[in-house]
Amino acid sequence: MLKRIVYSVLILCSVVVIFSGCGGKKTDKKSIQIKGSDTIVNLVQRLAETHMQENPDVSIAVTGGGSGTGIASLINGQTDIANCSRPMREGEIEQAKSGGNAPLEIVIGMDGLALIVQRDSQINSLTLDQTGKIFRGEIENWREVGGKDLAISLYGRQSNSGTFEYFRDRVLKGDYSPEMKRMNGNAQIVEAVRREAAAIGYVGVGYVADQEGRVLSGIKILSLAADSQSEPVNPLDSEKVKQGIYPLTRPLFQYLSEKPEGALLDFIKFELSPRGQNLIKKEGFYPVTDEYKQSNSRVLGE
Amino acid sequence: MRNLRRIKEGLLKQFFFLNGILAILVLAGIFLLLLSQGILAFKEISLFEFLTSARWSPDSVVRPTYGILSMVVSTLMVTAIALILAVPLGIGCASYISQLASPRVKEIAKPVIEMLAAVPSVVIGFMGIVLVAPFLTKIFGISSGLNALNGAILLGIMSLPTIISISEDAITSVPSEYKEASLALGASRWDTLVKVTIPSASSGIIASIMLGMGRAIGETMTVLMVTGNAPAMPHSLFDSVRTMTATIAIELGEVPFNTTHYYALFAIGLTLFVITFLVNLLSDIILSKGQRS
């Protein structure tokens, strides 16, 4: 009996010690929670790791889940920064305002959305209009756009993805075909397209090409023309993306619930610094354009 | 002193009674919540459209539609194929363990099979993506391995432990006199198994199949990972499908609260609840009937 009491007291003590240890660490470490878009989760993770190496007293946790999930967490106060690959919706801004401040918007970089097919596909470019028809399910065979006689197999993201919405609003202007397979993330789309000759999908350029424009094996990035008159542009052509000529260029957002201070401000400044922007390029995205540089400094009050 | 003891006994009785009905209260609570939220969806959606339309497109920019037929068909299709695969295998395995295996094999095999139930569904889903999907594309020469068949194979595997474990109990509990009588009449071991032992255990076996089916219908993570999640009506085994559970899991995370879409997801949950409830009820009836006879 006595033995059992001694044991249970010992266990209890060790549990208390372990937990208090955790708590103690957390309070003197500055921790930042970041959540949201799967498109930029790897990029922000890399930025956070570099920043943490230089500032050992700061801990940054980056998780994905989709833009919608990130925004919802921001509104509920469960995250400091919401990564978002689309602008915040009216309804979301209203919701955030009713719970406190209007959210602040920072643009950390630009993304070219890439249309990908299997390496051996005969198709090299599409117009925006053709792409819309393909994803709406109006064009169902590759033959209709100059390819083999093969039924098109569509890959896209799930509805909680910012990319899903951006692509729908920018390209489809209608609803996705119900035949489109809804994948959990960019990597799954890449994997599926690599395996399937009839597949087409959309992913962030950063997921299929590195800084030097080397494309993942087995994948081809299609060029895209704004309309049938204009020249097709490939998203690997970073100059054209920077000038906004590539039709699927979009800003990558981070939303904050209040004016950043301390560790949070340091991290955002690091992201926007030349070194941070260089990392962004390395991850296959593009640096912030002048237009957004101005809006950023307005938000940060510089 | 005596009085105190009686009070203590009475309190304990109350305590255990509360524990006993807690599960029932929780079940009733879940049902009421689903009903109260789900029913609000039908302020804007007609029940007829909900049950008979195959187009589920709540985030449509043209006109939101809320038809669950295609996902009900998908769910039932995946479950049915899973059972077609799992039932013969499960009964065969149960018969082997109960009738043929040496005590030592039995001692090892049964816990190991039951451990299969402990593998997290997300791990099984992962296996589906990296193993089953490429395997299916190779065997059938299809373009994508993320389809209904993939989900069915995995669900079959996941319902195996339930089917094996409960069928094995049922087969083992068949009185040995039946078997001995059959063997004494000159029947072979195979004939005895197929014509005497298994039919005598049929109520237990059917109940195990029903429970396995309940497991398969309600499974979410695995099917979400491997079936491709295309919300269209499936035409064949090799089409991508999106089940009811996957739809709820994907959309509930980001749907604005108290909208028609939100209520419609509860209505799907209610439909699923009714289906699994009927399956479980049926298995209970069969099981208790078997015990009485």
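The values are calculated or read from the model by the stated rules, or taken from the named source; none is laboratory data. All of these numbers come straight from a predicted model, not from anything done at the bench. Positions of Cβ are backbone-derived with ideal geometry, glycine not excepted, and every protein chain shown enters the neighbour counts. To get the accessible areas, we keep the full protein, side chains included, count just its heavy atoms, and leave off ligands, DNA and RNA. Shrake-Rupley method; radii C 1.70, N 1.55, O 1.52, S 1.80 Å.
Residues are listed down the side, and each one gets a yes or a no for (1) surrounded by 14 or more Cβ atoms within 10 Å (Cβ to Cβ); (2) small (G, A, S):
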{"position": "A:Y246", "(1), (2)": "yes, no"}
{"position": "A:F253", "(1), (2)": "yes, no"}
{"position": "A:S257", "(1), (2)": "yes, yes"}
{"position": "A:D266", "(1), (2)": "yes, no"}
{"position": "A:Q277", "(1), (2)": "yes, no"}
{"position": "A:G284", "(1), (2)": "yes, yes"}
{"position": "A:Y292", "(1), (2)": "yes, no"}
{"position": "A:G301", "(1), (2)": "no, yes"}
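Taking region A:48-81 as the range and being farther than 26 Å from A:G100 by Cβ and either among the β-branched types (V, I, T) or open to solvent by less than 20 Å² (accessible area, probe 1.4 Å) (or both) as the test, the residues that pass are A:T50, A:H51. Here the condition is being among the β-branched types (V, I, T), open to solvent by 20 Å² or more (accessible area, probe 1.4 Å), more than 30 Å from B:S98 (Cβ to Cβ) and within 14 Å of chain A (Cβ to nearest Cβ); of B:T259, B:T271, it holds for B:T259 alone. When the helices (runs of 4 or more DSSP H) confined to region B:21-140 are screened for residues that are within 14 Å of another protein chain (Cβ to nearest Cβ) and crowded, with 20+ Cβ neighbours inside 10 Å, those reaching at least 1 such residues are found at B:69-95, B:121-127, B:133-140.
Please determine, by comparing only the residues of region B:228-253 that are within 9 Å of chain A (Cβ to nearest Cβ) and either of a type in the set (S, T, N, Q) or touching a Cys at 6+ places or on another chain (Cβ under 8 Å) (or both), which one is farthest from B:G269 (Cα to Cα). Of everything passing the filter in region B:228-253, B:S240 is farthest from B:G269 (Cα to Cα).
If you go through region B:210-252 and keep only what is open to solvent by less than 20 Å² (accessible area, probe 1.4 Å) and basic (K, R), you end up with just B:R242.
Give the residue, chosen from A:L150, A:L113, that is open to solvent by less than 20 Å² (accessible area, probe 1.4 Å) and in contact (Cβ under 8 Å) with a residue 24 or more places away in the chain.
Numbers: A:L150 fails: open to solvent by less than 20 Å² (accessible area, probe 1.4 Å).
Just a single option satisfies the conditions, and that option is A:L113.
The set of residues from region A:172-208 being open to solvent by 10 Å² or more (accessible area, probe 1.4 Å) and among the aliphatic types (A, V, I, L, M) comprises A:A187, A:A192, A:A197.
Quick check on A:R143: is it farther than 21 Å from A:R86 by Cα and surrounded by fewer than 22 Cβ atoms within 10 Å (Cβ to Cβ)?
Yes.
In region A:196-208, the residues that are more than 7 Å from every other protein chain (Cβ to nearest Cβ) and part of a loop (DSSP other than H, G, I, E, B) form Cβ pairs under 9 Å with partners that are open to solvent by 10 Å² or more (accessible area, probe 1.4 Å) and among the hydrophobic types (A, V, I, L, M, F, W, C), at six or more places apart or across chains, as follows: A:V208/A:V215; A:V208/A:L216; A:V208/A:I221.
Residues checked against (1) within 24 Å of A:A209 (Cα to Cα); (2) without any contact (Cβ under 8 Å) to a residue 40 or more places away in the chain; (3) basic (K, R):
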position	(1), (2), (3)
A:P260	no, no, no
A:D266	no, no, no
A:Q277	yes, no, no
A:P287	yes, no, no
A:S297	no, yes, no
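When region A:30-60 is limited to residues that are among the aliphatic types (A, V, I, L, M) and part of a strand (DSSP E or B), the one that is nearest to the chain's Cα centre (by Cα) turns out to be A:I34.
Among the residues of region B:214-254, those identified as among the acidic types (D, E) and in a loop (DSSP other than H, G, I, E, B) are B:E219, B:D239, B:E254.
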